[in-house]
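Student: Before anything else, here's the structure in question.
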Amino acid sequence: MSKQESRGLADLRAMERKKRLQKILAAKSRPTAVAADECSALVIAIGLGICTVAAGEEILQCRCDLPVAPGDRVSIRHGRIAAIAPRRTTLCRRDPANPHRERVIAANLDLLVIVAAIEDPPFRPGLVDRYLVAAARGGVQPVLCVNKVDLCADTRIADPWREMGVPVILCSTRTEAGIGDLRDLLSGSLAVLAGHSGVGKSSLLNALADATRASTGPVNEQTGKGRQTTTSSRLYQLRNGARLIDTPGIRELGLGRVTLAELRLAFADFDAFACKYRDCTHRTEPGCGLRAAVESGAIGKNRYNGWLRMASEL
Ligand SMILES: Nc1nc2c(ncn2[C@@H]2O[C@H](COP(=O)(O)OP(=O)(O)O)[C@@H](O)[C@H]2O)c(=O)[nH]1
Ligand SMILES: [Mg+2]
Ligand SMILES: [Zn+2]
């Protein structure tokens, strides 16, 4: 065999090896398609290469190399997550380390509880709006939970969202105000507590768990007490049938590109004002009913500025 021929053969073999490898990698990254009823385990928490699942009354640690999230229904084979059931709904964010990648924070949610503090840390309307876009995208019903109302009696800041039909709960884990309403709202649902760090998500979870501690169960025990910083998301099962996912606080909710339709869902209180153009971005278009509403005071300046901030990402 000439030198040239043998090099050609080596190239061919290398190419075949590469193809084989690509095939294996493709098969690995593609979760097996399965029927939802095969996936009987519920993902509770995720660690590095392992995840905690509830299978009936048992809590198991499984090896896992699929992109699962708390709330996922999964099937287990030989101690490993074999498949993820199709997700009903999701809460997603852009990976801060890689803006091209989307991360699922939680799956199969009935409710997204956007937790904000009336004070300490300061109320951030922009973050609420971003969560509303994420809720619309993932098909999840949002709820706005304004905590620490013991610190400030004026709760008008929540008005725009109440007016647009988002359920608003004013609460305090100190005075227990609103905790009963929140518990009733969550009953029987899978919900996630999301919001800036320090707003009281874990305190709310504890307050809700206390109220349901009358009967005990394996998952309930993991709620724990004390104030520590939440470092990873975890699902807790409450006695009233609610399942709550506590998440670590985030500073920014990366959404990638936002569409006008998504933005309009997050600012549904603007729908009451007619503009000349149906796809008006309320920035510079003539005949903009929204800008007229801002001028007349029917829409608050802050609310409009919130729109402008997000519209800059269109
Ligand atoms: N004044 C007041 N402080 C609260 C309330 N809820 C929680 N906190 C305090 O806020 C801080 C952060 O609470 P934490 O539950 O860890 O917040 P998370 O980071 O959102 O989980 C803690 O010092 C809590 O004691 C409340 O309703 N009122
Ligand atoms: Mg926490
Ligand atoms: Zn307009």
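The values are calculated or read from the model by the stated rules, or taken from the named source; none is laboratory data. Bear in mind that the values here come from a model prediction, so they are computed numbers and not experimental data. When we count neighbours, we look across all protein chains shown, and the Cβ atoms used for this are built from the backbone with ideal geometry, even at glycine.
Student: Name the pairs whose Cβ atoms lie under 8 Å apart, with the first residue in region 156-183 and within 13 Å of N206 (Cβ to Cβ) and within 16 Å of ligand 3 (Cβ to nearest atom), the second assigned to a strand (DSSP E or B) and at pLDDT 95 or above, and 6 or more positions between them or separate chains?
Tutor: none
Student: Could you list, in sequence order, the residues of region 138-158 that are touching a Cys at 6+ places or on another chain (Cβ under 7 Å) and farther than 15 Å from V113 by Cβ?
Tutor: V149
Yes/no matrix, rows are residues, columns are (1) within 30 Å of C92 (Cβ to Cβ); (2) within 14 Å of ligand 3 (Cβ to nearest atom); (3) touching a helix residue (DSSP H, G or I) at 6+ places or on another chain (Cβ under 9 Å):
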| site | (1), (2), (3) |
| --- | --- |
| Q237 | yes, no, yes |
| V258 | yes, no, yes |
| L265 | yes, no, yes |
| L290 | yes, yes, yes |
| V294 | no, yes, yes |
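Student: So, one more: What are the pairs, 6+ residues apart or on separate chains, where a residue within region 200-216 that is under 18 Å from I245 (Cβ atoms) has its Cβ under 6 Å from a residue that is within 9 Å of ligand 2 (Cβ to nearest atom) and modelled with pLDDT under 90?
Tutor: Within 6 Å, the pairs are S202/T230.
Student: Which of (1) assigned to a loop (DSSP other than H, G, I, E, B); (2) over 20 Å from the mean Cα position of the chain (by Cα); (3) more than 16 Å from ligand 3 (Cβ to nearest atom) is the odd one out, the single condition T281 does not satisfy?
Tutor: (3)
Student: Same structure again: Take the residues in region 152-174 that are part of a helix (DSSP H, G or I) and among the acidic types (D, E); name whichever of them is farthest from G198 (Cα to Cα).
Tutor: Of all residues in region 152-174, those part of a helix (DSSP H, G or I) come to 156-163.
After this cut, where a residue has to be among the acidic types (D, E) as well, the list is 159, 163.
On the way: D159: 22, E163: 26 Å.
Across region 152-174, the extreme among qualifying residues is E163.
Student: Pick out the one residue from L193, L205, L144, L182 that is part of a helix (DSSP H, G or I) and within 17 Å of the chain's Cα centre (by Cα). Reasoning before the result, please.
Tutor: Numbers: L193 fails: part of a helix (DSSP H, G or I); L144 fails: part of a helix (DSSP H, G or I); L182 fails: within 17 Å of the chain's Cα centre (by Cα).
So the residue among L193, L205, L144, L182 that is part of a helix (DSSP H, G or I) and within 17 Å of the chain's Cα centre (by Cα) is L205.
Student: Over 18 Å from R251 (Cβ atoms), surrounded by 14 or more Cβ atoms within 10 Å (Cβ to Cβ) and in contact with a strand residue (DSSP E or B) (Cβ under 7 Å, 6 or more places away or on another chain): which single residue out of A116, A107 fits that description? Walk me through it before giving the result.
Tutor: Numbers: A116 fails: over 18 Å from R251 (Cβ atoms).
Exactly one residue qualifies, and that residue is A107.
Student: Here is a further query. Looking only at region 49-77, count how many residues are in contact with a strand residue (DSSP E or B) (Cβ under 9 Å, 6 or more places away or on another chain) and not in a strand (DSSP E or B).
Tutor: Matching residues across region 49-77 total 11.
Student: Suppose we keep only residues that are within 16 Å of ligand 2 (Cβ to nearest atom) and modelled with pLDDT of 90 or more within region 234-252. Which one would you say is farthest from the chain's Cα centre (by Cα)? Break it down stepwise before answering.
Tutor: Applying the first criterion (within 16 Å of ligand 2 (Cβ to nearest atom)) to region 234-252 yields 234-236, 244-251.
Cutting the leftovers down to modelled with pLDDT of 90 or more gives us 234-236, 244-247.
Values: R234: 12, L235: 13, Y236: 16, L244: 12, I245: 9, D246: 10, T247: 9 Å.
Of everything passing the filter in region 234-252, Y236 is farthest from the chain's Cα centre (by Cα).
Student: Identify all residues within region 96-112 that are assigned to a loop (DSSP other than H, G, I, E, B), touching a residue at least 60 places away in the same chain (Cβ under 8 Å) and not acidic (D, E); write none if there are none.
Tutor: Taking region 96-112 and keeping what is assigned to a loop (DSSP other than H, G, I, E, B), we get 96-97, 108-110.
Those left that are additionally touching a residue at least 60 places away in the same chain (Cβ under 8 Å): 96, 108-110.
Across region 96-112, the qualifying residues are P96, N108, L109.
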